[in-house]
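Chemist: Input: one structure, supplied below.
The values are calculated or read from the model by the stated rules, or taken from the named source; none is laboratory data. Since we're looking at a predicted model, the values are computed, not measured. In this analysis, Cβ positions are derived from the backbone assuming ideal geometry, glycine residues included, and neighbour counts consider all displayed protein chains.
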Amino acid sequence: MNEWKKVEIGNVWNYKEEGKGAEFIGLFIGKEEHVGENDSNVYNFEVEGGENITIWGTTLLDMRFKNLKPGEEVKVVYLGAEPSPKRKGKTYHNFEVWHRMPEFKEVKEDFDVDEKEFSA
């Protein structure tokens, strides 16, 4: 029997705490819009082991994540806080983002199949 699982914001990737060079790799599940007091985007990922991790959107991440498709693998590297070229005296959090479709992983299992069940 399939059990219902509550949909919640998962653990949040805290790139600021991990610092410059922090790296995140996960399978993009989808995004939620207009979340929280800042009306932000929240991006949902599944990481190895099945845990759900979320990344709060920033102006830069929103632009870089714009064309992600559910099911893609995503790699994000935090480059640190950098001076803003447009807002004198301000900084922004910079990231590199890569994405790809995951490689097919062949599952090898022995199945006991009665071929008569599948014949027309």
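Chemist: Within the range 95-108, does at least one residue satisfy the condition of being at pLDDT below 90 and touching a strand residue (DSSP E or B) at 6+ places or on another chain (Cβ under 6 Å)?
Modeler: Yes, that holds for at least one residue.
Chemist: Still on this model: Within the range 63-93, can you find the residues that are assigned to a loop (DSSP other than H, G, I, E, B) and either of a type in the set (A, V, I, L, M) or in contact with a Gly (Cβ under 7 Å, 6 or more places away or on another chain) (or both)?
Modeler: Leu68, Pro70 - these are the residues of the range 63-93 that are assigned to a loop (DSSP other than H, G, I, E, B) and either of a type in the set (A, V, I, L, M) or in contact with a Gly (Cβ under 7 Å, 6 or more places away or on another chain) (or both).
Residues checked against (1) within 8 Å of the chain's Cα centre (by Cα); (2) of a type in the set (A, V, I, L, M, F, W, C); (3) surrounded by 14 or more Cβ atoms within 10 Å (Cβ to Cβ); (4) within 16 Å of Glu96 (Cβ to Cβ):
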| residue | (1), (2), (3), (4) |
| --- | --- |
| Val35 | no, yes, yes, no |
| Asn44 | yes, no, yes, no |
| Glu48 | no, no, no, no |
| Lys66 | no, no, no, yes |
| Glu73 | yes, no, yes, yes |
| Val77 | no, yes, yes, yes |
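Chemist: Looking at the range 18-39, I want the residues that are more than 19 Å from Glu73 (Cα to Cα) and without any contact (Cβ under 8 Å) to a residue 60 or more places away in the chain and have a partner that is assigned to a strand (DSSP E or B) and of a type in the set (Val, Ile, Thr) with Cβ atoms under 6 Å, at least 6 apart or on another chain. Which pairs are those?
Modeler: Once the first residue is more than 19 Å from Glu73 (Cα to Cα) and without any contact (Cβ under 8 Å) to a residue 60 or more places away in the chain and sits in the range 18-39, its partners that are assigned to a strand (DSSP E or B) and of a type in the set (Val, Ile, Thr) give Val35/Val42.
Chemist: Can you tell me how many residues within the range 67-82 are touching a residue at least 40 places away in the same chain (Cβ under 8 Å) and over 18 Å from Asn94 (Cβ atoms)?
Modeler: The number of residues fulfilling the criteria is 6.
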